[in-house]
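A.B. asks: Here it is, the structure in full.
Where a number appears in this text, it was derived from the coordinates with a stated rule and is not lab data. No experiment lies behind these values; they were computed from the predicted model shown. Don't worry about glycine lacking a Cβ; one is built from the backbone with ideal geometry, like all the others, and counts go over all protein chains shown.
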Amino acid sequence: MKKPLLGVSITIDSKEDILHTIEQYLLEKSSKTPFIIVTPNPEQIMLSRQQSTFLTILNHANIAIPDGAGLVWAMRFVNGVTVHRISGVDFVSDFVHLAHKHHMTIGCIGGRNGVAKKALAVLRSSYEELSGWAMEPEDMSIEKMATHIENSNTKIVFVGLGAPKQEQYIESLRKKCHHVVLMSVGGSFDIISGNVPRAPGWIQDMGLEWLYRLIREPWRLKRQTRLIAFVVSVCIERLFRK
């Protein structure tokens, strides 16, 4: 089930229910269209208000995971709905567990300096028999990538290129692929590979992981100004809904 927030439809189901829905799709095998998962956060929602194509891609996704404490607050404030934050990196880990359980091949696309390959190596250290591959988008054209996905019987593809590039890439793949799950994962490869340290658990529990990353990566400050715009927009939407 989804609820709208500033024009973007956000999935409000629990992580367990979402994983069950995806598992059913993968095991059913009758569907001939890809299953799309996006991970919108406040920054992406504000970007979608400026880029109608990006907004359309987000709203056409089967699942839009609420990735960020800001979305959890906004969904409760505007819609009166209690949702739990589902971080992209945690969901990837659960998803890989599902793939390993059913002996499914995964693909990792994106990242700089071979970070997707590093992330795959880390995942394989946890799941020794995990079947998978990793590439950068420049390694081959969309057509050849889609063919590779089909020929290798890959069932789950993680794309980490940053928004909106990763969603646009997935949209291009969607038109060429069939029965496969395509998920945008943002900077998850950096965290999984160890290139970027993750905030301690207590900071995550407080919903301040964004602040931790900002302190470690001050260049993100300009991007975080969209968070202020997000809060203002949410308050305006709540006001007009009343």
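A.B. asks: How big, on average over all directions, is the shadow cast by the Cα convex hull of segment 2-235, in nm²?
C.D. replies: Details: hull surface 48.5 nm².
One quarter of the hull surface, i.e. the mean projection, equals 12.1 nm².
A.B. asks: Listed here are the pairs Lys118/Lys165; Lys3/Lys155; Lys155/Lys175; which of them are more than 26 Å apart at the Cα?
C.D. replies: Over 26 Å apart, Cα to Cα: Lys3/Lys155.
A.B. asks: For the pair Thr33/Thr21, report the inter-label distance in nm, with labels modelled 7 Å from Cα in the Cβ direction.
C.D. replies: 1.4 nm
A.B. asks: Taking amide H positions as placed in the peptide plane 1.01 Å from N, state which residues far from Leu5 in sequence (5 or more) or on other chains have amide H under 5 Å from it.
C.D. replies: Close amide H contacts, sequence-distant or interchain: Ile10.
A.B. asks: Now for a different question. Run the dipole for segment 2-235 about the Cα centre, Lys and Arg Cβ at +1, Asp and Glu Cβ at -1, nothing else charged, and hand back the magnitude in debye, nearest 20. Intermediate results must be reported in sequence, preceding the final value.
C.D. replies: Numbers: 26 positive and 22 negative charges, 113 e Å.
Roughly 540 debye for segment 2-235.
A.B. asks: Still on this structure, I have one more. Full-extension gain between His102 and Trp73, please, as 0.36 nm times their residue separation minus the C-alpha to C-alpha distance.
C.D. replies: Values: separation 29, 0.36 × 29 = 10.44 nm, distance 3.53 nm.
Difference between extended and current length: 6.9 nm.
A.B. asks: With unit charges on the beta carbons (Lys and Arg positive, Asp and Glu negative) and the dipole taken about the Cα centre of the chain, which residue among Ala121, His100, Leu6 sits farthest to the positive side?
C.D. replies: Leu6
A.B. asks: Taking springs between alpha-carbon atoms closer than 10 angstrom, which of Pro40, Pro218, Pro137 fluctuates most in the Gaussian network model of the chain?
C.D. replies: Pro218
A.B. asks: Leaving out same-chain residues fewer than 8 places away, which aspartates and glutamates sit with a Cα under 16 Å from that of Lys176?
C.D. replies: Glu143, Glu150, Glu167
A.B. asks: Counting DSSP beta bridges with both partners in the chain, what percentage is antiparallel, nearest 5?
C.D. replies: Values: 4 of 23 bridges.
Roughly 15 percent of the DSSP beta bridges within the chain come out antiparallel.
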